[in-house]
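Engineer: Sending over a structure as structure tokens; questions will come in a sec.
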Amino acid sequence: MLDSVFTLIIDTVAVVLAGALLLRFWMQAVRVRPPIELAQFTYKLTDWLVRPLRRVLPGAGGYDWASVIAAFLVALLATAFDVWLSGGFTPQTVLLLAVLRVVQWALYGLIGLILIEVIFSWVNPHAPLAPFVRALNDPLMRPLRRVVPLIGTIDLSPLVALILLRIAIQLVTTLVASLL
């Protein structure tokens with residue numbers, strides 16, 4: 001019982017921290033300037049980990065690799081804790097599970113961004129955060145919007161994106177299950 005409580009706490013902290021790190025990476029990768037409140041939250045939450053890593057891993061190719069490595073380190077620590085509680089695995093398995101966990105978090109993050117964009121389009125398309133979320137989703141949605149036609153005035157490309165992301169998550173989950 002106590003193990004599951006500790007696991008829940010560790011996993012929640014890991015998801016929030018890694019989510020902020022992956023958001024930081026994605027905002028820089030797609031070159032989107034975040035609203036000041038979101039930027040302050042993201043940078044204050046992650047600077048303590050990203051700044052020291054930047055000394056070792058400077059950005060290359062216009063990408064903030066320190067944020068991705070930091071998210072991996074968070075996943076590695078959370079995975080090591082989970083594995084320690086459940087029994088022994090090899091270090092290679094822990095590393096692979098941590099990589100797969102980061103991939104899952106990134107895919108779930110994209111699903112969350114798409115759902116937020118869909119809700120904004122229904123409720124208030126002119127909300128202050130709507131253009132920011134739309135810009136974050138644009139690299140994923142633009143190719144789908146070229147392929148998926150509008151049905152009347154309804155854009156089904158978010159639905160297609162959600163299905164494709166869900167398939168990707170299922171593949172990652174199956175891969176994780178095959179390792180255990």
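Engineer: Considering every residue within region 106-117, establish whether at least one is not small (Gly, Ala, Ser) and not in a helix (DSSP H, G or I).
Structural biologist: no
Okay, residues lined up against (1) modelled with pLDDT of 95 or more; (2) assigned to a helix (DSSP H, G or I):
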residue: ILE10; (1), (2): no, yes
residue: ALA20; (1), (2): yes, yes
residue: VAL32; (1), (2): no, no
residue: ARG51; (1), (2): no, yes
residue: ALA71; (1), (2): yes, yes
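Engineer: What are the pairs with Cβ atoms under 8 angstrom where one residue, in region 85-103, is farther than 16 Å from THR7 by Cβ and among the polar types (S, T, N, Q) and the other, located anywhere, is open to solvent by less than 70 Å² (accessible area, probe 1.4 Å) and at pLDDT below 90? Sequence gap at least six, or different chains.
Structural biologist: THR93/VAL83; THR93/LEU179
Engineer: Of everything in region 124-172 that's among the hydrophobic types (A, V, I, L, M, F, W, C) and assigned to a loop (DSSP other than H, G, I, E, B), which residue is farthest from GLY112 (Cα to Cα)?
Structural biologist: The selected residue is LEU150.
Engineer: Look through region 53-69, keep the residues that are out of contact with any Phe, Trp or Tyr (no Cβ under 7 Å at 6 or more places or on another chain) and either assigned to a helix (DSSP H, G or I) or at pLDDT 95 or above (or both), and return whichever of them is most open to solvent (accessible area, probe 1.4 Å).
Structural biologist: Selected residue: ARG55.
Engineer: Moving on to the next point. Contact list please: Cβ distance under 7 Å, first residue in region 25-43 and loosely packed, with under 13 Cβ neighbours inside 10 Å, second residue assigned to a helix (DSSP H, G or I), pairs at least six apart or on different chains.
Structural biologist: Note: pairs meeting the criteria are PRO35/PHE132.
The values are calculated or read from the model by the stated rules, or taken from the named source; none is laboratory data. Everything numeric in this text was worked out from a predicted model, so none of it was measured. Ideal geometry is used to build each Cβ from the backbone, glycine not excepted, and the neighbour counts take in all protein chains shown. These area figures cover heavy atoms from the full protein model, side chains too; ligands, DNA and RNA do not enter into them. Shrake-Rupley method; radii C 1.70, N 1.55, O 1.52, S 1.80 Å.
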